[in-house]
1. As an exercise: evaluate VAL870 against (1) among the aliphatic types (A, V, I, L, M); (2) out of contact with any helix residue (DSSP H, G or I) (no Cβ under 7 Å at 6 or more places or on another chain); (3) open to solvent by less than 10 Å² (accessible area, probe 1.4 Å) and give the number of the one condition it does not meet.
2. Restricting to the stretch 681-695, what's the tally of residues that are assigned to a helix (DSSP H, G or I), surrounded by 19 or more Cβ atoms within 10 Å (Cβ to Cβ) and within 16 Å of ligand 1 (Cβ to nearest atom)?
3. With (1) in a loop (DSSP other than H, G, I, E, B); (2) modelled with pLDDT under 90 as the list, and GLY396 as the residue in question, which single condition is left unmet?
4. Inside the stretch 769-783, can you point out the residues that are open to solvent by less than 10 Å² (accessible area, probe 1.4 Å) and either over 19 Å from LEU861 (Cβ atoms) or within 14 Å of ligand 1 (Cβ to nearest atom) (or both)?
5. Can you report the number of residues in the stretch 696-747 which are in a helix (DSSP H, G or I), open to solvent by 70 Å² or more (accessible area, probe 1.4 Å) and within 19 Å of ASP609 (Cα to Cα)?
6. Which ones in the stretch 501-510 are of a type outside the set (Gly, Ala, Ser) and either on the phi > 0 side of the Ramachandran plot or open to solvent by 10 Å² or more (accessible area, probe 1.4 Å) (or both)?
7. From (1) within 16 Å of ligand 2 (Cβ to nearest atom); (2) modelled with pLDDT under 95; (3) open to solvent by 60 Å² or more (accessible area, probe 1.4 Å), pick out the condition that doesn't hold for ALA793.
8. Within the stretch 873-885, restricting attention to residues that are surrounded by 24 or more Cβ atoms within 10 Å (Cβ to Cβ) and more than 15 Å from ligand 1 (Cβ to nearest atom), which residue is nearest to the chain's Cα centre (by Cα)?
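The values are calculated or read from the model by the stated rules, or taken from the named source; none is laboratory data. Keep in mind the model is a prediction, meaning the values are calculated, not measured. All Cβ positions, glycine included, derive from the backbone under ideal geometry; neighbour counts span all protein chains shown. Heads up: the accessible areas ignore ligands, DNA and RNA and are worked out on the full protein's heavy atoms, side chains in. Shrake-Rupley method; radii C 1.70, N 1.55, O 1.52, S 1.80 Å.
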Amino acid sequence: MTKWVYTFDEVSEAEALVGDWENVRGLLGGKGANLADMTRLGVPVPPGFTITTVACNAYTDAGGVVPDGMWDQVSTALTSVEEKTGKTFGDPKNPLLLSCRSGAKFSMPGMMDTVLDIGLNHEVAAELAVSSGDPHFAYDSYRRLIQMFGSVVLGNPDEPYEEILEEFREKTGVATDAELSTDSLKEIVERFLAITPRFPSDPVEQLKLAVEAVFKSWSGKRAVDYRNASNIPHDLGTAVNVQTMVFGNLGEGCLTGVAMSRNGATGENHIEGDYLFNAQGEDVVAGIRATIPVAQMATDMPHAYEELQAISDQLENHYRDMQDMEFTVENKKLWLLQTRDGKRTAQAAVRIAVELADEGLISKEEAVMRVTPDQIDFFLHPQFSIESRKEAKAAGNLLAEGLNVSPGAAVGKVAFDADTAVAWADAGEKVMLVRPETKPDDVHGMLAAEGIVTSRGGRTSHAALVARQFGKPAVVGIAELDIDLEGRSMAVGERVIAEGEYVSIEGTSGEVFVGQLPTVIPDINDKWLSKLLGWADEFRRLRVLANADYPVDALRALEYGAQGIGLCRTEHMFFEAERLPTVQKMILSDTTEERQKYLDILRPMQREDFRGLFEAMSGLPVIIRMIDPPLHEFLPAHEELEDELKDLRKDRSVWQDAAVKEVEKVIARVDDLHEENPMLGFRGVRLGILMPEIPRMQARAIIEAACDAKENGFDPKPEIMIPVSIHVKEIERVKAIIVKAAEEIMERRGITVDYQVGTMVETPRAALTAGPLAREAEFFSFGTNDLTQTTFAISRDDAEKSFLVKYVEEGILPVNPFQTLDRLGVGGLIKIAVDGGRTQRPGMEIGMWGEHGGDPESVALCHELGLDYVSCSPFRVPVARLAAAHAAINDAG
Ligand code: PEP
Ligand code: MG
């Protein structure tokens, strides 16, 4: 015979039957499993029993028929509860009252049904009024039961019940239901019964119908929608927990509250929560009455407080995590009604994980796994302080909540279109771009704005993708936000915000506030975070380097834990305002000699930059890439030059003639360098093949800088990288130039520098012919921005403006491949290249740079593919350190 019902003290039996705790949760639901588990631990839990999820599924499968034998088992379990409580269900003299609640394996807050105070009828209520000495309590409970039963079990609308309550409040001049007199409550009971003719007075009948109502609520629309949205399987079913009612509203000596075993906001290790005297659970959460901080219980009810503290410790020890508990004190006796792992902020998650490990409750490895890379991200963006959010909420300034798609806090004046956002930002204002949804046309406004808000769209909407990519806080999909683009205002209900007014958004939580909230920069040196990342470093195999072009970036990267520079894009140094004219003259030179003249001017500048990097990263690798972009990027646009020419020609004079000629020459060169498809054109190593004096200059600058750094007592480790190669002969040629230049410098300076020459694998051909490339290249690094672009044959510059976002929205591509590495395609090529490279050159060092370096999933893939390091922007280094540790721990486990 299937066992459909387990009393709370039969959990060991359930465990023996289904094996591990996960399965027990599957059978009894999360809440039922924990209630039973607490019972086993000796924690005071009101006695009760759980009807299994299997029974619910059998009921659903049979089209709403209770499985054979279930009611008999309920009856036996009920008898056992009666024995434990010394009360009898339905006995007016000594009544047992029950609650009946849903409880699935995964929490689905508010999605399914609950009925309280089951077991009351006229007779029982009348006796209870006498035996409890509190008629108000008896009739208030009775009217609650009829109301809940009517709406939850019988499906009546709630309004008629509320209307009756309102009528009595008005008639008797009271503000809240709690103040209604006993006589009013008695009358209300009659009125409620009149509109609830099917309310059964038989307690057993009440219980049966309530249980069936909970079963049915699993298939209700609300629950189905919630499961769809949260990816919870539909075949799990819900359990039903039937439990003895305990009352926190039986007068003095009674209270009810919620408590966390540690502070969920900061992680501090002390019990935290609120309670109310003479109240029911929902009064605490509803916030109608001002609650009392739980610490006050130490004075108000010391015994119960001590017991709660002891139970809190016991549950934490047992579950090895911070607990969120509901409790009630009925006539000075403490009862626990629920416990579960508590929700917490990112900051608290880090501190709690570290302290639990320090206390020996969990291992360092578990602590590392308890924090997600996203939570690390919290420390890297500005935030609103907890107090300022609390204050804003208390002042009624929380305007709305939407999807928290891009973390961080931002404050700005509302602008309803991208051009306005740009104009205001140019004028020095802080702007919040608010749109129904964003399109590629809005990107300039998104970039100019501090943050982005949309009323429509989901996690992969254009707004969400672009915001994440550019690190802009964003809240999207705020359904109740009504945007009137013509009227230049937006509203949530009655609250109207005009364009130009300030709002503040918290992209980590999805909150939108009216007004300007002060922002704080979280402390990346937070001592618990540093400790946790230190542990992560012990577990990870992948090294984490940073993309940095200047010594200041290098220093920040070091502070964040980078183990070297994975990518220095040397052309960024060419773009500097005081260098650009020289760079342009170098490009416009007609002869190699002339070009050399300008390169000679640039060389000491580059040398200084490199020395700074080597000194900042002493003892760590600094990978410097030879110039990569097409040369036309350094020259003005054709149209701009034409305008300049027009202006000059307006007013001809002798000296202007020379100027006109000069501009004409630049135009000719710009036209010369023009390419229809520059990303696939004259760039990368190809520049060095046609203009060998450029890599020669750069190699000299690098080796001279390394010699300088060495003379200054540092330990430079230059690695010189040749970009966008497609053939080993390219590497052969440019490497020869580099080696020759390096040898000359070292010889002249009498200093030896250990350096390597490698290449970037950024094209499918390079990946497929990695073996031959490795004959020359001493190391590889994957430029996954270009490798994604060339593998997919989609432009990294244009695709997001047109089809790519739609592709992701419609599920054609699971993710934006420029954000998360494409496992099969790009990952497949990386695998081929790693095998090819290491077969040719065993132990060859291989890494990855590109925007993917800070994306946790991509980091995990790099680990899997056997890479040695990933490199990302300095701000992403801590995220990558944790992601790499997760990958290693998962791999080992
Ligand atoms: C890449 O292509 O991934 C890369 C890092 O180089 P860039 O983004 O400069 O082309
Ligand atoms: Mg590239």
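1. Every condition holds for VAL870 apart from (2).
2. So the answer is 3.
3. Of the numbered conditions (1) in a loop (DSSP other than H, G, I, E, B); (2) modelled with pLDDT under 90, the odd one out for GLY396 is (2).
4. Residues satisfying the conditions are LEU773, ALA774, ALA777, PHE779, PHE780, SER781, PHE782, GLY783.
5. 3
6. GLU501, TYR502, THR508
7. (2)
8. The residue in question is VAL879.
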